[in-house]
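Only one structure is covered here, and it is reproduced in the block below.
Please treat every number below as a calculation from the coordinates, not as lab data. Worth saying up front: this structure is predicted, and the values here are computed from it rather than measured. Methodologically, a virtual Cβ is constructed for each residue, glycine included, from the backbone with ideal geometry; neighbour enumeration extends over all protein chains shown.
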Amino acid sequence: MKFDLKRVAVYIRGADTEELLDRVTVYRAGMEPAAVDLMEMELDRRGVTQEEIAEHDCTRRETAIMLPDGTAMRCSFCDRPAAVRRWGWHRLFGRVPVFPRVFAYCTAHLSPKARPPEDSADRAD
Ligand SMILES: [Zn+2]
């Protein structure tokens with residue numbers, strides 16, 4: 001896949017600070033160095049300090065499931081790092097259980113208030 005710096009720059013400007021923090025820390029190993037540079041510049045522009053980035057890195061690594069490639073496993077339902085893996089049903093059209101699979105949950109999707117993860121399984125991956 002060709003690395004499109006212009007598109008990445010547009011994406012970065014519209015991204016949440018939390019998302020950028022995740023990418024320059026626990027997802028850093030899987031990123032283009034040029035993209036990491038852009039994200040660090042954007043974080044700096046938003047007033048996020050090096051200390052805050054290091055702190056975010058520590059906090060995430062306390063709960064994140066790290067993969068052999070040095071990046072964090074992603075939640076099955078969003079882009080945050082996953083904290084827990086559990087078995088669930090992969091559902092066809094979000095309804096018909098087809099086969100059991102392991103889902104990864106970030107701390108936000110782990111909360112009992114979040115809707116049952118099986119319902120959104122079709123959007124996984
Ligand atoms: Zn999530």
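Looking at the stretch 74-96 only, could you name the residues that are of a type in the set (D, E, K, R), more than 16 Å from the ligand (Cβ to nearest atom) and surrounded by fewer than 16 Cβ atoms within 10 Å (Cβ to Cβ)? Reasoning before the result, please.
Initially, the stretch 74-96 is screened for residues of a type in the set (D, E, K, R), giving 74, 79-80, 85-86, 91, 95.
Now narrow it down to the ones that are more than 16 Å from the ligand (Cβ to nearest atom): 91, 95.
Hit for the stretch 74-96 is R95, nothing else.
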Taking the stretch 47-73 and keeping only residues that are exposed (fewer than 12 other Cβ atoms within 10 Å of the Cβ), within 13 Å of T17 (Cβ to Cβ) and of a type outside the set (G, A, S), one is left with T49
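Do any helices (runs of 4 or more DSSP H) lying entirely in the stretch 8-63 carry at least 2 residues that are more than 20 Å from T107 (Cα to Cα) and among the small types (G, A, S), and which ones are they? Spell out the reasoning first.
On the way: elements: 17-24, 33-45, 50-63.
Answer list for the stretch 8-63: 33-45.
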The residue that is nearest to the chain's Cα centre (by Cα), considering only those in the stretch 91-110 that are more than 29 Å from D16 (Cα to Cα) and touching a residue at least 24 places away in the same chain (Cβ under 8 Å), is R91
Taking the stretch 5-16 and the residues there that are of a type in the set (G, A, S) and under 17 Å from the mean Cα position of the chain (by Cα), the one that is farthest from I53 (Cα to Cα) would be G14
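Has the stretch 37-46 got at least one residue that is under 29 Å from H90 (Cβ atoms) and surrounded by 15 or more Cβ atoms within 10 Å (Cβ to Cβ)?
no
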Among residues of the stretch 17-36 being free of Cβ contacts under 8 Å to residues at least 40 places away in the same chain and more than 12 Å from the chain's Cα centre (by Cα), the residue surrounded by the fewest Cβ atoms within 10 Å (Cβ to Cβ) is P33
